[in-house]
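The block underneath contains the structure these notes are about, expressed in structure tokens.
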Amino acid sequence: MTDHSHYLLFKPYGYISQISSNDERQARKKKFLAELYHWPDGIMPIGRLDEKSEGLLLMTTDGKLSDYINRSGIEKEYYALVDGDPSEETLDLLRRGIEIGFDGKKYTTKPAAVRRLQEKPNFPERTKKIRDARHGPTTWLSITIKEGKFRQVRKMTSAIDCPTLRLVRVRVGDLKLENMKPGVVLIWDGEI
């Protein structure tokens, strides 16, 4: 039996969800996960968070575990700060599934659990300034999905005319971000 290593990472804003890049220009201009921790050989992210997204990123050396989590419909919960104050009727569009663009085609998302957060989450301030409420209302939403198309949550909120201003993944299955800080890495037993 092969021993594998598994980690939980609070991916900070501005990092690419890959260990490094062989592209010299990209390696000079972008931030990669290798800058955050001394990862073992063969490490890979399970799923991805785009450069402008933050939050819980699972890391493993076990390709079978990565494939299982990516394909099994495990819930992923995000807190999204959106531009605007969407009505419950508008949020129902996200709950039922909404049409977004994916791979140059139209795609209807699977139903999602969506709720308005009553209190602002207690996340550390982001390094890049987010526009503030002086420019109009903003709303924090919890959006839970069981799929993960490219930039899906951002495309969903954009489809209701409430673009995402900040996106933080707070949960994958039963694993939670909780009080982790950006850049922190914790060892994980690989159970989901």
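Screening Q26 on (1) within 18 Å of L186 (Cα to Cα); (2) in a helix (DSSP H, G or I); (3) touching a strand residue (DSSP E or B) at 6+ places or on another chain (Cβ under 9 Å) shows it passes everything except condition (1).
Residue-wise test of (1) open to solvent by less than 30 Å² (accessible area, probe 1.4 Å); (2) under 23 Å from Y15 (Cβ atoms); (3) more than 15 Å from the chain's Cα centre (by Cα).
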{"residue": "K105", "(1), (2), (3)": "no, no, yes"}
{"residue": "T109", "(1), (2), (3)": "yes, no, yes"}
{"residue": "E119", "(1), (2), (3)": "no, no, yes"}
{"residue": "F123", "(1), (2), (3)": "no, yes, no"}
{"residue": "I143", "(1), (2), (3)": "yes, yes, no"}
{"residue": "I160", "(1), (2), (3)": "yes, no, yes"}
{"residue": "G183", "(1), (2), (3)": "yes, yes, no"}
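Counting the residues of region 76-103 that are in contact with a Ser or Thr (Cβ under 8 Å, 6 or more places away or on another chain) and open to solvent by 70 Å² or more (accessible area, probe 1.4 Å) gives 2. Residues that are in a helix (DSSP H, G or I) and among the aliphatic types (A, V, I, L, M) do not occur anywhere in region 52-61.
The values are calculated or read from the model by the stated rules, or taken from the named source; none is laboratory data. From a predicted model like this one, the values you see are computed outputs, not experimental measurements. Note that we place each Cβ from the backbone using ideal geometry, even for glycine, and neighbour counts take in every protein chain shown. The accessibility values were calculated without ligands, DNA or RNA, using every heavy atom of the protein model including side chains. Shrake-Rupley method; radii C 1.70, N 1.55, O 1.52, S 1.80 Å.
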